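The values are calculated or read from the model by the stated rules, or taken from the named source; none is laboratory data. A quick note: this is a predicted structure, and the numbers were derived from the prediction, not measured. Note that each Cβ is placed from the backbone with ideal geometry, even for glycine, and that neighbours are counted across all protein chains shown.
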Amino acid sequence: MTTLATQLALQLNESIGLEPPPQPFLKWAGGKSQLLAQLLPLFPKKFNCYHEPFLGGAAVYWYLFSLKEKGTILFDGVRLSDINEELINCYIHVRSNLDNLIQELDFLKRNHNPENYYKVRELNPLNLSSVQRAARFIYLNKTCYNGLYRVNRSGKFNVPMGSYQDPRIFSAEQLIRNSYALQNVAIECTNFQTVLDWAEPSDFIYFDPPYVPLSKTASFTSYTKYPFGQEQQRELAEVFHTLNDRGCKLMLSNSWSEPVINLYQNFHCIELKASRAINSNAERRGKISELLVINYSPDYSNPT
C-alpha cells in the first residue's frame, strides 16, 4: 500500500482485512450479499485456487476471504475475472493504485450535483486516464438510479441520476480493506470460457452469470455491450461439465427455471430464496426462488 492507504491503515489499528471484513463497495444487480448465510454451509472447506469468472460486486469473494482470514476455509491462489472492462479496471486500481483512486473519488464527491453527474456520465472513458475511469465507474455506480449498471448496445452507460440526498460515494476505510483482500490476486478482463485455461483439479470455481429471465419482460443482461442469451447459457453449461470432468469443485447461481434445471440436471440442484432488488415497484420485490448448482457433497460435519 502507498502513503495514504498506509496512513489510514495505521489509524485502523492494523485491523485491515479482519474486523470488520471487506464488503462490496459497488452496488450490483444480482449481488449475493443477502444469500451468504444460505451459501455458508455449502462452500467447500478446502480447495486450491478460487476462481470467479463473473465477478460483479464480488460479495462471495469478500466473504470467502474473511473466512480464510479466520481459518475456517482453506485455499491458496485467487483469480477474479469479468468481461466488463470498466469493472475490472476499477478492481485493478483498488488493488494497486488506491491512493490516486481515493483522490479522484474525493474530487467527484465534493463536486457532486445533478449537472456534474450528467457531465461525468457523458464523458468518454477512452479519453480519461485509467484511474479516472475507475473513479468515474464508482461515482456513477453509487449515484445513479437504484445502483443499476446498464449500458446500451454501443456500451455507453445510460442510467439517470438517483434521487439520493447525500449518497455515500465511497469509504476510504472500506476501500483499504478491499485493497488488502486483493493483494496477490490475479484480476483479468476476459470471458468466462477462459477459466478452462486456468482451472486445475481441486480448484473451486463460482459462476454467477446473468440469469435466465423468468419472463419476457424480466430480461436484464445489459451489464456489458456483449449479449448473454440462451446460446451463452448453453456454452456456460458445457464449461461447467468440462470442469466437472477435470475434477474441479463447482458452484453456480441462476434463476429457478426449467431451462436452467435441464442444463444441470445431473448435479445437485438446490433452491434458495432471495429478494428482488431491481424492480422499481417496491411491492413486487418479494422473495423468489433461485437455483444453486454444485457438483460435490457439502461437508456439513465441519460447519464454519
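Taking the conditions exactly as written (over 20 Å from the mean Cα position of the chain (by Cα), buried (at least 17 other Cβ atoms within 10 Å of the Cβ) and at pLDDT 95 or above), does residue 243 satisfy them or not? Yes. What number of residues within the range 27-65 satisfy the criterion of being touching a residue at least 60 places away in the same chain (Cβ under 8 Å) and either of a type in the set (Ser, Thr, Tyr) or in the same structural domain as residue 168 (by TED's automatic domain parsing) (or both)? Matching residues across the range 27-65 total 2. As a summary of the residue check, residue 32 satisfies the conditions (1) modelled with pLDDT of 95 or more; (2) crowded, with 21+ Cβ neighbours inside 10 Å except for the one numbered (1).
Across the range 80-117, the number of residues qualifying as touching a strand residue (DSSP E or B) at 6+ places or on another chain (Cβ under 8 Å) and not in a helix (DSSP H, G or I) comes to 5. Of all the listed residues (73, 92), the sole one being in the same structural domain as residue 206 (by TED's automatic domain parsing), at negative phi, modelled with pLDDT of 95 or more and not small (Gly, Ala, Ser) is 73. Kindly evaluate residue 138 against the criterion of being in contact with a Ser or Thr (Cβ under 9 Å, 6 or more places away or on another chain) and surrounded by 18 or more Cβ atoms within 10 Å (Cβ to Cβ). No: the conditions fail for residue 138. Residue count for the range 108-135 under the criterion of being farther than 17 Å from residue 164 by Cβ and in contact (Cβ under 8 Å) with a residue 24 or more places away in the chain: the result is 7.
If you go through the range 156-172 and keep only what is exposed (fewer than 15 other Cβ atoms within 10 Å of the Cβ) and either modelled with pLDDT under 95 or under 18 Å from residue 50 (Cβ atoms) (or both), you end up with 156, 158, 160, 163, 164, 165, 166, 168. Exactly one residue out of 136, 121, 150, 168 is farther than 29 Å from residue 227 by Cα and not hydroxyl-bearing (Ser, Thr, Tyr), and it is 168.
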